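Only one structure is covered here, and it is reproduced in the block below.
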Amino acid sequence: MFKKAAKDIVVLSALRTAVTKSVKGGLAQLYPEELLYQVLRGSISKSNVDPNLVDDVLVGTVLQTLGGQKASSLAVKKAGFPIKTTVNTINRQCASSAQAITYSAGSILSGENKFTIAAGVESMTHDYFPHRGIPQRIYQPFFEDASEEAKNVLTPMGITSELVAEKFGIGRQSQDEFAVQSHLKAAKATESGHFAKEIIPIEARNEAGEAKLVEKDDGIRPGSTYEKLLTLKPVFKENGVTTAGNSSQISDGASAVILTTRENAEKHGYKPIARFVGSSVAGVPSGLMGIGPSEGIPLLLERFGLTNMDIGIFELNEAFASQLIYCIEKLGLDYDKVNPYGGAIAIGHPLGATGGRVVSTLLNGLKAQNKELGVVSMCTSTGQGYAGLFINED
């Protein structure tokens, strides 16, 4: 279906740190620059890609002050990349590191760069509170005379989950049942050693400053049951249906994807593990931002002449069970093809790192299942849906 060509954008490595709970998790004592430094060092070491070849590192990050630019540059330079290696940061909310892949691929196709790293990092421990992702400085007269659609870009994400559930009739029971399956699938992927193939062990420290190795996601609950989730109270709306149990976890983590062309890979003796075909971004009502994948995925598949049936695995970020159930049902996807190793409800959702995280999980899954085509997708705050298409080559 997709013939190989010299100018193909190929993936040489797609790895991530473990994703851990904010504040109390294994990476909570590390700052974002430390997480980024370690995922970059680990990716270079495991892939054996020469850091002197890397022209640009594009870092997806959402919450860091000053856009994360200076902290990211500190991490890149400390990791041993040469002076020629430039650094840029991007914020497309939950799709930030996925968008970093798209922009990196574009720079390679244009001839601007030959080798790039599309990374992502978020320490929600250090950067999420107290603003919780909502701007603290908005000029109120400007806000007050804006349209309802414009105002809704500031809607807290938990409220958008409730709005999706209410508008499309997504009940509490189906959300809790979906969440349980996310935990059970992720627990199985951890216990079997599947996730170990995509995770770079991280040198961390505990509250006492003692060194420890973090190599497993720590938000997964193997003993999760529907009965346990049923006891949790709604957290965003009285008599609502969105709880801590059927929402993505507030997390810390980092990811990195190394990209080049097929001809460059062959020239330097590197074996691609996958091909990045392309991506699409769709706009949706900002108050219903969770439905983003239901619009982004059709745009992507239509662009490349594909249907749902052509795709072996869909890795869809589980921002909330409400929005993901809606998207799966609206698109008519096979539940068995969606997040076969669990998702962000169990693993966690370190905003800027999530795009790279789902890509690493997708490519690991395509290899394990011997499937060819895979899609990643996520909704983003402000009303967008990103989707990207990959081909397994390993």
**OP:** Quick one: Lys46 ticks every box in (1) out of contact with any helix residue (DSSP H, G or I) (no Cβ under 9 Å at 6 or more places or on another chain); (2) under 29 Å from Gly292 (Cα atoms); (3) open to solvent by 20 Å² or more (accessible area, probe 1.4 Å) except a single one, so which number is it?
**Re:** (2)
Original post:
What number of residues within the range 135-158 satisfy the criterion of being without any contact (Cβ under 8 Å) to a residue 60 or more places away in the chain, open to solvent by 50 Å² or more (accessible area, probe 1.4 Å) and within 16 Å of Thr380 (Cβ to Cβ)?
Top reply: 1
**OP:** Please identify the pairs in which a residue from the range 10-23 that is within 13 Å of Glu198 (Cα to Cα) and part of a strand (DSSP E or B) has its Cβ atom under 7 Å from the Cβ atom of a residue that is open to solvent by 10 Å² or more (accessible area, probe 1.4 Å) and basic (Lys, Arg), counting only partners at least 6 apart or on another chain.
**Re:** Ser13/Lys46; Leu15/Lys46
**OP:** Would you mind stating whether Gln181 is under 16 Å from Thr243 (Cα atoms), in contact with a helix residue (DSSP H, G or I) (Cβ under 6 Å, 6 or more places away or on another chain) and modelled with pLDDT of 95 or more?
**Re:** no
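Condition check: touching a strand residue (DSSP E or B) at 6+ places or on another chain (Cβ under 7 Å) and open to solvent by 10 Å² or more (accessible area, probe 1.4 Å). Does Leu63 satisfy that?
It is true that Leu63 is touching a strand residue (DSSP E or B) at 6+ places or on another chain (Cβ under 7 Å) and open to solvent by 10 Å² or more (accessible area, probe 1.4 Å).
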Original post:
Restricting attention to the range 340-360, does a residue exist that is under 20 Å from Lys167 (Cα atoms), open to solvent by 10 Å² or more (accessible area, probe 1.4 Å) and more than 9 Å from the chain's Cα centre (by Cα)?
Top reply: no
Original post:
Of Ser377, Ser381, which residue is modelled with pLDDT of 95 or more, open to solvent by less than 10 Å² (accessible area, probe 1.4 Å) and hydroxyl-bearing (Ser, Thr, Tyr)?
Top reply: Ser377
**OP:** Taking the residues in the range 220-262 that are in a helix (DSSP H, G or I) and touching a residue at least 60 places away in the same chain (Cβ under 8 Å) as candidates, determine which candidate is farthest from Leu362 (Cα to Cα).
**Re:** Gly245
Subject >> Of all residues making up the range 40-96, the number that are closer than 16 Å to Met124 by Cα, assigned to a helix (DSSP H, G or I) and touching an Asp or Glu at 6+ places or on another chain (Cβ under 9 Å) >> reply: 5
**OP:** Working carefully through the options Glu295, Glu302, Glu329, find the one that is under 28 Å from Pro234 (Cβ atoms) and without any contact (Cβ under 8 Å) to a residue 12 or more places away in the chain.
**Re:** Glu329
**OP:** Would you mind finding the one in Thr116, Thr89 that is closer than 26 Å to Val358 by Cα, surrounded by 13 or more Cβ atoms within 10 Å (Cβ to Cβ) and in contact (Cβ under 8 Å) with a residue 60 or more places away in the chain?
**Re:** Thr116
Subject >> Residue match in the range 262-276 (condition: modelled with pLDDT of 95 or more, surrounded by fewer than 23 Cβ atoms within 10 Å (Cβ to Cβ), more than 22 Å from Val11 (Cα to Cα) and among the aromatic types (Phe, Trp, Tyr)) >> reply: no
Original post:
If a residue has to be hydrophobic (A, V, I, L, M, F, W, C) and under 25 Å from Glu210 (Cα atoms) to count, how many in the range 27-55 make the cut?
Top reply: 7
Original post:
If we scan the range 194-208, do we find a residue that is of a type in the set (A, V, I, L, M), more than 20 Å from the chain's Cα centre (by Cα) and in a strand (DSSP E or B)?
Top reply: yes
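Kindly check whether there is at least one residue in the range 175-183 that is among the polar types (S, T, N, Q), under 20 Å from the mean Cα position of the chain (by Cα) and open to solvent by 30 Å² or more (accessible area, probe 1.4 Å). Please lay out each step first, then the result.
Of the residues in the range 175-183, the ones among the polar types (S, T, N, Q) are 175, 181-182.
Now narrow it down to the ones that are under 20 Å from the mean Cα position of the chain (by Cα): 181-182.
Those left that are additionally open to solvent by 30 Å² or more (accessible area, probe 1.4 Å): 181.
Within the range 175-183, one or more residues are among the polar types (S, T, N, Q), under 20 Å from the mean Cα position of the chain (by Cα) and open to solvent by 30 Å² or more (accessible area, probe 1.4 Å).
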Original post:
Quick one: what pairs do we get from the range 269-292, first residue charged (D, E, K, R), second open to solvent by less than 30 Å² (accessible area, probe 1.4 Å) and assigned to a helix (DSSP H, G or I), C-beta under 9 Å, 6+ apart or different chains?
Top reply: Lys271/Ala265; Arg275/Arg262
**OP:** For the range 193-215, indicate whether the set of residues that are out of contact with any helix residue (DSSP H, G or I) (no Cβ under 8 Å at 6 or more places or on another chain), in contact (Cβ under 8 Å) with a residue 24 or more places away in the chain and acidic (Asp, Glu) is non-empty.
**Re:** yes
**OP:** Tally the residues that are among the β-branched types (Val, Ile, Thr), crowded, with 19+ Cβ neighbours inside 10 Å and more than 17 Å from the chain's Cα centre (by Cα), restricting the search to the range 278-324.
**Re:** 2
Original post:
What number of residues within the range 119-134 satisfy the criterion of being open to solvent by less than 20 Å² (accessible area, probe 1.4 Å) and either on the phi > 0 side of the Ramachandran plot or in a helix (DSSP H, G or I) (or both)?
Top reply: 1
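The values are calculated or read from the model by the stated rules, or taken from the named source; none is laboratory data. Bear in mind the structure is a predicted one, so any value in this text is a computation, not a measurement. Here the Cβ is made from the backbone with ideal geometry for all residues, glycine too, and neighbour counts use every protein chain on show. Just the protein is used for accessible areas: all its heavy atoms, side chains included, with ligands, DNA and RNA removed. Shrake-Rupley method; radii C 1.70, N 1.55, O 1.52, S 1.80 Å.
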